[in-house]
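The values are calculated or read from the model by the stated rules, or taken from the named source; none is laboratory data. None of the values given here were measured: they were computed from a predicted structure. So basically every Cβ, Gly included, is an ideal-geometry build from the backbone, and we count neighbours across all protein chains shown.
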Amino acid sequence: MISLEKEVQRQLEILKTGTAEIIPEDEFKEKIRQSILNNKPLVIKLGLDPTAPDIHLGHTVPLQKMRQFQDLGHQAVIIIGDFTGRIGDPTGKSETRKPLTEEELHKNAETYKQQIFKILDPEKTRIEFNATWLSKMNFADVIKLASNCTVARMLERDDFAKRYAEERPISIHEFFYPLMQGYDSVALQSDVELGGTDQKFNLLMGRTLQKDFGQSPQIALTTPILEGLDGVHKMSKSLGNYIGVYESPREMFGKAMSLPDELMIRYFELVTKAGVDEIRQLEKGLAEGSIHPRDLKMRLGWEIVCIYHGRQEATEAKEEFINMFQKKEAPNVVPGFTPAELGADDNFKIEVVTLLVNAKLAPSRGEARRLIEQGGVKVNDLKIIDPQAVLALSDEDIFKVGKRKFIKIVM
C-alpha cells in the first residue's frame, strides 16, 4: 500500500509538470495531503468567458491540467462566465471591450461545452454559470464586494496601469471583472483555480476575497502561455501560428510537423494526455539520440489529432503525411473543382491568381501573387513562377499550394 507522503509527492509531481507558478506551493501540498487523509476531492475551478467559441491549442493548456486533476480523483468545475462575459475580461486589452449580448454568450457557451469535453471527462465535470449567483446580488452586495479592494491594488494590474499611464479610458465597470471572478471562487469555495499566466491577478483576487469571507484561500495555479508554430510568439490566429481545435486531421497533423524541434517536449507536456513518466522517457530518448526528432514529432502530431478526431483519423492523417512528403504522393482525398466553378472561360483557360482565389487556396489576389512569387504554387508538380500566368485546364490536373493544400480539376 502506497504511503501518504508518497501519494502526496506523486500527485504533486504530476500537477507541477507543465505549470508556470503555484501560489503558494507549500499550501498546495498541504491541500493535497488533507484531501487524501479526508478522502475529499479538491474543488478545481477554471473560468471560461464564452467570448471566442473557436478555440486553438493555446486555449486548451489549462484544460489539460484540469484533466490531470480529474484523473487524480479531484472535482473539476468549469465556470461559464455568462455574467462576467457581459463585461468582457479586460486582461491584456488596451481599450474597453464591447459587451456581448445574452444570445451571443449562450451560443458561444454551447460551442465551448462541445470543445472542452474533447479533453475533460464529462462524467467528472461540473458546469456552472456564474449568473446563478452574480445576478442575484443587489447594489448593497456590490458595494460590499468592492470594499474589499482599493483602486491602487487594481492599478497594479499591468493592463490597467498601462492604460492609466497612457491616459486611455478605463471604465469603472472593468474594475468589477476581477472582483466578480474572485467572487466565483467564494461561491464555489474552490481549493484551486487554474488560469494562464496573464490571469495571475484575477486568481489572486479569489484568494483575497475568500479570506475576507472567512474561507480557506484557494491556490493559484498558472499555466504557461503556449508558443505558436513559429516557436517565438504566443499562439494566435491573427499571427497564423496556431492549430485550431476544429481543423481537419490532415491540417492538424501537418501543422504539428512544422513545429520547431525544441518545442516538442513542451507541447507533449502542455497539449497532450501523455503521462509524466512517458514524457521524461521521450525527452531522454531525444537527448540520447535513440529517438529521431522526426519520429517524435510524428508521435506528437498523432497524439494531438487523436484527442480531437480519434485514433483512426490520427493514423490516417499520419499515413497521408508520410505518403505526401516522404513518398512524394498526393493525398488520398483531394477536393475537386470544375473549370466553370473556378471561373475559367469556355476554352478552360484561367489566370492562376483567379484560380487560387476562387478555390480558396489564397484569401486574396495579392496573397495569391505573393505565393506564386515565393515559389509556393505548383501544377502537376511543376512550379509556377509567373503571377500573370494563364493556364488551360485539363482533367485531373493537380494544383498544390504550400505544403498541405491540394485541389484537382474535374472536367
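So here's what we get for this one:
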read-out: Criterion violated by Pro224 - all others in (1) modelled with pLDDT of 90 or more; (2) closer than 30 Å to Arg266 by Cα; (3) crowded, with 20+ Cβ neighbours inside 10 Å satisfied; value: (3)
read-out: Selected residue [farther than 20 Å from Leu188 by Cα, small (Gly, Ala, Ser) and surrounded by 14 or more Cβ atoms within 10 Å (Cβ to Cβ)] from Gly47, Gly18; value: Gly18
read-out: Filter pass, Ile23 being farther than 30 Å from Glu103 by Cβ and either assigned by TED's automatic domain parsing to the domain that holds Phe83 or surrounded by fewer than 19 Cβ atoms within 10 Å (Cβ to Cβ) (or both); value: yes
read-out: Every pair of residues 6+ apart whose Cβ atoms lie under 9 Å, when the first sits in the stretch 24-41 and is more than 14 Å from Leu72 (Cα to Cα) while the second is modelled with pLDDT of 95 or more and of a type in the set (Gly, Ala, Ser); value: Pro24/Ala220; Glu27/Ser216
read-out: Looking only at the stretch 189-206, and only at residues there that are of a type outside the set (Asp, Glu) and at pLDDT 95 or above, the one that is nearest to the chain's Cα centre (by Cα); value: Leu194
read-out: Filter result (farther than 22 Å from Leu46 by Cα and in contact (Cβ under 8 Å) with a residue 12 or more places away in the chain) within the stretch 134-144; value: Val142
read-out: Given (1) at pLDDT 90 or above; (2) within 33 Å of the chain's Cα centre (by Cα), index of the condition Val333 fails; value: (1)
read-out: Restricting the stretch 240-265 to residues that are farther than 22 Å from Glu283 by Cα and of a type in the set (Asp, Glu), the residue that is surrounded by the most Cβ atoms within 10 Å (Cβ to Cβ); value: Glu247
read-out: Options Ile170, Ile143; residue that is among the hydrophobic types (A, V, I, L, M, F, W, C), over 27 Å from the mean Cα position of the chain (by Cα) and surrounded by 13 or more Cβ atoms within 10 Å (Cβ to Cβ); value: Ile170
read-out: Condition met for Ser290 (assigned to a loop (DSSP other than H, G, I, E, B), of a type in the set (Gly, Ala, Ser) and under 30 Å from Ser185 (Cβ atoms)); value: no
read-out: Helices (runs of 4 or more DSSP H) enclosed by the stretch 1-85 - at least 2 residues per element that are within 23 Å of Ala131 (Cα to Cα); value: 57-71
read-out: Sole residue being under 25 Å from Gly240 (Cβ atoms) and not charged (D, E, K, R), chosen from Ala359, Ala344; value: Ala359
read-out: Every residue from the stretch 194-221 that is buried (at least 20 other Cβ atoms within 10 Å of the Cβ), more than 30 Å from Tyr267 (Cα to Cα) and either in contact with a Gly (Cβ under 7 Å, 6 or more places away or on another chain) or of a type in the set (Phe, Trp, Tyr) (or both); value: Leu209
read-out: Hits in the stretch 362-399 - residues which are within 34 Å of the chain's Cα centre (by Cα) and touching a residue at least 24 places away in the same chain (Cβ under 8 Å); value: Ala362, Leu371, Gly376, Val377, Ile398, Phe399
read-out: Search result, residues across the stretch 117-133 that are of a type in the set (A, V, I, L, M) and touching a helix residue (DSSP H, G or I) at 6+ places or on another chain (Cβ under 6 Å); value: Ile119, Leu120
read-out: Residue ranges of helices (runs of 4 or more DSSP H) in the stretch 145-232 with at least 3 members free of Cβ contacts under 8 Å to residues at least 12 places away in the same chain, more than 30 Å from Ser258 (Cβ to Cβ) and not basic (Lys, Arg); value: 158-165
